[in-house]
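I have placed the structure first, in the form of structure tokens, so that the comments after it can refer back to it.
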Amino acid sequence: MSSEKKLIGTTIITAIAASLCCITPVLALIAGTSGIASTFSWIEPFRPYLITITIVLLAIVWYQKLKPKKEEIDCECEDDNPKFINSKKFLFLITLFTGLMLAFPNYSEIFFPSDKKEVVYVSESDVNVVEYKISGMTCAGCEVHIESEVNKLDGIIEVKANYENGNTVVKFDRGKVTNKEIEVAVGKTGYKIIE
């Protein structure tokens, strides 16, 4: 295997690894096993390093592809049409894929169902607001995953998760849903409520 192919393979792996903590909740939602969503949250602190490695590797591969070739003696065995996997078009597709993987946390919410709710009028005395401290959230995709799962419950008025603060604030009708039901919904996502 040529060094260029090894670099391309390593680039793909580091790009996927850099966004794995955000890809996993979406894959878990699609598979219907949302409890594994926070499995790769431990990767988040390494994300900047993985992104840097990915960009450096891509730069090296592009440099190798674009640098002028040393003049060689023409040989009839030489192929003027390189295989697709050795072409600039393929490298461009790899670069595009890598960019999509690295930017995944910025657009991951499009994969979750819309959390638009009907406006329901509730007596102010029945409205309760609770803040839960959550561990394992690392990006906007994590926020949307929790919000989506909690919004499935009847009686939820509003839910807002924030990965930077590590919390989720839920406004709900206590006549229709309990704290315990909300905690179970959060638990289904794989993230943990900190007491």
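Of the residues Glu124, Glu143, Glu131, the single one that is at pLDDT 90 or above and not assigned by TED's automatic domain parsing to the domain that holds Arg47 is Glu131. Looking at Leu93, is it assigned by TED's automatic domain parsing to the domain that holds Gly9 and either without any contact (Cβ under 8 Å) to a residue 12 or more places away in the chain or in contact with a Pro (Cβ under 9 Å, 6 or more places away or on another chain) (or both)? Judged against the criteria, Leu93 is a match. Take the range 15-58 and flag every residue that is at pLDDT below 70, assigned to a helix (DSSP H, G or I) and farther than 24 Å from Glu164 by Cβ. Passing the criteria: Ile30, Ala31. Of all residues in the range 143-172, those being within 23 Å of Ser123 (Cβ to Cβ), touching a strand residue (DSSP E or B) at 6+ places or on another chain (Cβ under 7 Å) and crowded, with 17+ Cβ neighbours inside 10 Å number 8.
The values are calculated or read from the model by the stated rules, or taken from the named source; none is laboratory data. As the structure is a computational prediction, the values presented were derived from the model and not from experiment. In this analysis, Cβ positions are derived from the backbone assuming ideal geometry, glycine residues included, and neighbour counts consider all displayed protein chains.
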